[in-house]
Amino acid sequence: MELFQYWNAVRGERDLPRRDEIDPAHIRSLLPDLFILQRRASGDICFRLAGTRLCALFGRELREQHFCDLWLGSEADGITRTTNQVMTQCTPMLLYARGATEAGDELDLELLLAPLASSDGANDRLLGALSALARPAWLHMTPLAHLVATGLSVPDIARNLPAERSYGKAADTKVSVAGSGGRNNRKLFHLRILDGGKGG
């Protein structure tokens, strides 16, 4: 929530802020959980930066790794489509996920994905945060093997608040665009979510 509100404030009246406008000093307490993704010319979406707590959660350095590699193999394509949707539509999303260790221990998490522009204005990056919703004794000692998506919401940019959570099957991470009556409606997890935010 804190990161979303910061992103929204820096964005102002634009669709998204630039990478060089993000000041780490203003979100210092969030840095261990933050990450930046970038879409390469090949179309691959990889970590440019990853906080220390995030890397500890998976037991490895994530910089330059593919974002989809954090997810169960059957969900990789859907996650890639979702992250591309955030970039191309300039719409932040909040993903809910369940992580699992090799031993079968599970952990619920939430991820914010917010669009971010490169210094040249290209919307090819994401600012994100991943937060565990519990603190089991094994956290940061036993790495997560993969994530499975459990839900999604689209924040209400106008009110600076997250939207009500929507649920869907773990494999239903597809995001498709459906135009209706000139409004920008999206079907997410087979549910329709209507955009709020700026008018005009």
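The values are calculated or read from the model by the stated rules, or taken from the named source; none is laboratory data. Quick caveat: nothing in here was measured; it's all calculated off a predicted structure. Virtual Cβ from ideal backbone geometry, glycine too; neighbours counted across all protein chains shown.
A few comments on the model shown:
- Test: residue in region 22-29 that is crowded, with 18+ Cβ neighbours inside 10 Å, out of contact with any Phe, Trp or Tyr (no Cβ under 9 Å at 6 or more places or on another chain) and assigned to a helix (DSSP H, G or I): no
- Pair list, Cβ under 7 Å, 6 or more apart: region 74-89 residue more than 11 Å from Leu113 (Cβ to Cβ) and in contact (Cβ under 8 Å) with a residue 24 or more places away in the chain, other residue outside any helix (DSSP H, G or I) and among the hydroxyl-bearing types (Ser, Thr, Tyr): Glu75/Thr173; Gly78/Thr173
- Residue match in region 33-43 (condition: at pLDDT 95 or above, farther than 17 Å from Asn123 by Cα, surrounded by 16 or more Cβ atoms within 10 Å (Cβ to Cβ) and in contact with a strand residue (DSSP E or B) (Cβ under 8 Å, 6 or more places away or on another chain)): yes
- Screening Arg81 on (1) within 17 Å of Pro32 (Cβ to Cβ); (2) of a type in the set (Lys, Arg); (3) outside any loop (DSSP other than H, G, I, E, B) shows it passes everything except condition (1).
- Restricted to region 106-200, the set of strands (runs of 3 or more DSSP E) holding at least 2 residues that are among the aliphatic types (A, V, I, L, M) and at pLDDT 50 or above comprises 106-116, 125-132, 144-153.
- Asp156 vs. criteria of a type in the set (Asp, Glu) and under 18 Å from the mean Cα position of the chain (by Cα): yes
- Candidate set from region 1-21 (those that are in contact (Cβ under 8 Å) with a residue 12 or more places away in the chain and in a loop (DSSP other than H, G, I, E, B)); member that is surrounded by the most Cβ atoms within 10 Å (Cβ to Cβ): Leu16
- Scanning region 59-73 for residues that are more than 27 Å from Val10 (Cα to Cα), touching a residue at least 24 places away in the same chain (Cβ under 8 Å) and outside any helix (DSSP H, G or I) gives Gly59, Arg60, Trp71, Leu72.
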